[in-house]
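One structure below.
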Amino acid sequence: MNKTTRLAAVFAFCALAFCGCSEKKADAAQVDEQMLALLAEESAQRVAEEVQYEKVDSVMILTGWTLYRENSEGKMIASAETRAGDSVAVYCKDEDGKEPVEKEAVRRLQNGKEDPLVFVRVSVDGEDYWTRPIFVAKQALPCVAIDEGRLFSAPDMATMTKTAVKDGDILAQSSADSEKDFACVFVYDGTTPYGKKMFALKSQVDSNPNVVEKYATLARREELGDKIKHEVSDELDIINAHLSEAFHYVKKVSSLDFVENRGTMLRNGGSLKKQTNLGMEWAAEIPIGTEFEILSEEPITADWVWKGGSSKDRTFYKVRYQGKDYFVLTNECARGGQGAVILNDAALYDKGRISTFRNEVLEQGTLVVLTGRNSSFSGPFLYEAMFYDSNASVIRTRWIWEHHISTEKDDVKAAQLVKLAQTTKDDDMKREYLSLASGLSVSEPIREYIADVEALLFPPPMTFIEWQGTPLARVTCGEDEKVNVRDAPKTGKVLGQLDNEDIVGVRMVTEEEDTIDGVTARWYNIGYGETKLVLEGWVFGGFLRFDGGGE
C-alpha cells in the first residue's frame, strides 16, 4: 500500500491573526514577515490525506493576502500574498478538474471577527495553502489585455456587457472554451466561485508568458510611482525591453558546484563556537565567505553565552573547519549551494519572475550563495540566492538577475578580501588586502569595485581654493531632513547639522568634484550663525543653493 501523503500544518496563533475587515481589504492586509516566519517554524504535519489528488493549472485573479493556512484551532489565517495572474495549482478529485478539494472553515480576522467560509486547497511554489474559490480561476492560464474594450457574456458580439478591461489588465484564460474569434476569460467579481466566465476578442488579449510578465511588472511599477529606487527602475527598464524578444548577454554564472553539506559564513565578523557546560562560547573569528563542512543533519538548540551576557535557545550547526569540530549560528551561514558575488547593484525578487521585484537593492560586492534554483520562464534568468541581512541579523533568500552574479573564484575571493579591508582597523592591513584583491584575475565590475572601495578608504587629498562666487548660500533638503557639516570633505567627522533653508556663508571650495546619490558637485567650506559662528565646516554642494549668482 502506498504511504499516505501528510499535508497541511498546525500554526500557532500569536498575538494577532491576520486579515482586515472588508473582503478585499482583509485579504490585502499586510502581514508581518517575522510573524509568518514564526508560523512556518511552528507548523507540524497534522492532516493525513487518504487520496493522492490531481492538480490542475489555475490562476489567481485577485491581488492581496489571499492564501491561508490553518492554525492549531483549525481557523484559517492569511499567510501569503499573491497577485492577479500568479500561477497556482488547484487540488481536484478528478483529472477533469470538476471536483476541487474544498472544505468549510472559519476565517479569523485581525479584529477578532470570525467568518464561516468555503476554501479550496491549492499548491503554490511547492507549498500547500487554502484560498477562497472566488480568488482563483480553475483550469486556466494567465493572460493580459493588450487593448481596451468590453467583454462578452458569450462568444458572440451581440452579447457585449458593461464589463470592460483596459490595456495591461491581468486576466485568466481557458483554452478549452475558446471559440474561433473569442478567448474565454475569467474575471474577479467578488462572488462567483472560480471567477466569472466571460469572453474577449482574441485580438484583445495575449497569453504569451513574457508579455504577461512584462505587463504585470509595469503594473507594480505604477503602484510604487516615485518611491521606486532608481537602481531597481533602471534594471526593470533593461529587462522589460527584452521580455518579448530573444535576450542575449554575457553569461556571468559559470557551471555550478554544489555540495549539500557545505556551509558558507555570510556574516562579516562571524565566528566559530565551542560547546561548554555554560552553552556555546566564542572560539575563533572567521572571514566572511569561509567554507566549512556541516556535520549535523538538523540544527542544534543551545544557549549562546559571552562575557557579560547570553542569548537563550539559539540554533547552531555542528561544523568541521580545518580538521576541528565547532559550531556556528544558523542565522550567519548558508547551507549547501555555490558561493557567488554581486557584480553590480542588483534588484531583489521574491520569486523567479520579474513582476515579483522588491523595492530593494543588494549592493555590489555582496557575497551570496546560490541555491541552484533558477527561473523557468523564457526570459532573462533569475537565480535564487541566500545572503546575510545585517539589519535583521538573518539569512535572507531572494532571487537575483543572473547578469549581476559571478561565480568565478577570483571574483568571489576578491570580494572577500575587500570585505576584510573594510572591517580591519589597521591601515597597513587594509592596503595589503586591497593589493591582494587587485592582483587576482577579476572581471571588470569587480576591478571597478576594488578601486571604488580603495578611493573611499584612502581618498586622495582635495585641493582647496578661495570661493569667488556669491558669499551666501541657502541649504536645500527635505523639510524633515538634516544636512551634515563635516570637519573635512567627503569622509570627515560630522560636526553638526543644518536645516532646510538655513543661510550660510561660503569661504572655500574644492577643485575636485564628488558624486553622491547621483548628484555631482564640489564641497564648500561654510560658516553658520547670525551674530557669531556657531558651526563651520564642509558641506556637499548638492545641498546648497546660490540665489544671488555663482554656482
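The values are calculated or read from the model by the stated rules, or taken from the named source; none is laboratory data. If you're wondering where the values come from, they're calculated on a predicted model, not measured in any experiment. Cβ placement follows ideal geometry from the backbone for every residue including glycine, while neighbour counts extend to all protein chains displayed. The protein model used for the area step is the full one, side chains on, heavy atoms only, and it has no ligands, DNA or RNA in it. Shrake-Rupley method; radii C 1.70, N 1.55, O 1.52, S 1.80 Å.
Below are the figures for this structure:
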read-out: Residue that is nearest to the chain's Cα centre (by Cα), among those in region 452-486 that are assigned to a loop (DSSP other than H, G, I, E, B) and among the polar types (S, T, N, Q); value: THR476
read-out: Pairs where the first residue, in region 479-506, is touching a residue at least 24 places away in the same chain (Cβ under 8 Å) and the second is exposed (fewer than 14 other Cβ atoms within 10 Å of the Cβ) and of a type in the set (Gly, Ala, Ser), C-beta under 7 Å, 6+ apart; value: ASN500/GLY478
read-out: Conditions (1) among the β-branched types (Val, Ile, Thr); (2) over 35 Å from the mean Cα position of the chain (by Cα); (3) at pLDDT 90 or above; (4) open to solvent by 30 Å² or more (accessible area, probe 1.4 Å); number of the one not met by THR520; value: (2)
read-out: Any hit, region 462-474, residues being closer than 30 Å to LEU434 by Cβ and free of Cβ contacts under 8 Å to residues at least 12 places away in the same chain; value: no
read-out: Odd one out for SER443 among (1) within 23 Å of GLY336 (Cα to Cα); (2) surrounded by 14 or more Cβ atoms within 10 Å (Cβ to Cβ); (3) in contact (Cβ under 8 Å) with a residue 40 or more places away in the chain; (4) among the small types (Gly, Ala, Ser); value: (1)
read-out: Selection from region 487-513 of residues that are in a strand (DSSP E or B), open to solvent by 40 Å² or more (accessible area, probe 1.4 Å) and under 19 Å from THR470 (Cα atoms); value: ILE503, ARG507, MET508
read-out: Complete set of residues in region 65-91 that are more than 23 Å from the chain's Cα centre (by Cα) and on the phi > 0 side of the Ramachandran plot; value: GLY74
read-out: Subset of region 515-531 that is in a strand (DSSP E or B) and of a type in the set (Gly, Ala, Ser) - its residue that is farthest from LYS229 (Cα to Cα); value: GLY527
read-out: Qualifying residue in region 341-348 (condition: modelled with pLDDT under 95 and closer than 30 Å to SER296 by Cα); value: no
read-out: Qualifying residues in region 107-133 (those that are open to solvent by 40 Å² or more (accessible area, probe 1.4 Å) and assigned to a strand (DSSP E or B)) - the one modelled with the lowest pLDDT; value: GLU127
read-out: Complete set of residues in region 337-353 that are surrounded by fewer than 20 Cβ atoms within 10 Å (Cβ to Cβ) and in contact with a Ser or Thr (Cβ under 7 Å, 6 or more places away or on another chain); value: ASP350, GLY352
read-out: Those residues of region 398-415 which are buried (at least 23 other Cβ atoms within 10 Å of the Cβ) and within 18 Å of LEU434 (Cβ to Cβ), in sequence order; value: ASP411, ALA414, ALA415
read-out: Condition check for ILE450: in contact (Cβ under 8 Å) with a residue 60 or more places away in the chain, touching a helix residue (DSSP H, G or I) at 6+ places or on another chain (Cβ under 7 Å) and at negative phi; value: no
read-out: Residue match in region 272-285 (condition: within 28 Å of the chain's Cα centre (by Cα) and buried (at least 16 other Cβ atoms within 10 Å of the Cβ)); value: no
read-out: Those residues of region 457-482 which are of a type in the set (A, V, I, L, M) and open to solvent by 90 Å² or more (accessible area, probe 1.4 Å), in sequence order; value: LEU472
read-out: Yes/no for GLU291 being closer than 16 Å to ARG335 by Cβ and exposed (fewer than 14 other Cβ atoms within 10 Å of the Cβ); value: no
read-out: Residue list for region 401-426, filter: free of Cβ contacts under 8 Å to residues at least 24 places away in the same chain, outside any loop (DSSP other than H, G, I, E, B) and farther than 13 Å from VAL453 by Cα; value: LYS409
read-out: Close pairs from region 185-203: first more than 22 Å from LEU117 (Cβ to Cβ), partner charged (D, E, K, R) and part of a strand (DSSP E or B), Cβ under 9 Å, at least 6 apart; value: VAL185/LYS197; ALA200/ARG150
read-out: Failed condition for ILE395, given (1) modelled with pLDDT under 95; (2) open to solvent by 20 Å² or more (accessible area, probe 1.4 Å); value: (1)
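Residues checked against (1) over 25 Å from ASP257 (Cβ atoms); (2) hydrophobic (A, V, I, L, M, F, W, C):
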site	(1), (2)
GLY269	yes, no
ALA283	yes, yes
GLY309	yes, no
LYS318	no, no
CYS333	no, yes
ASP345	yes, no
THR356	yes, no
VAL361	yes, yes
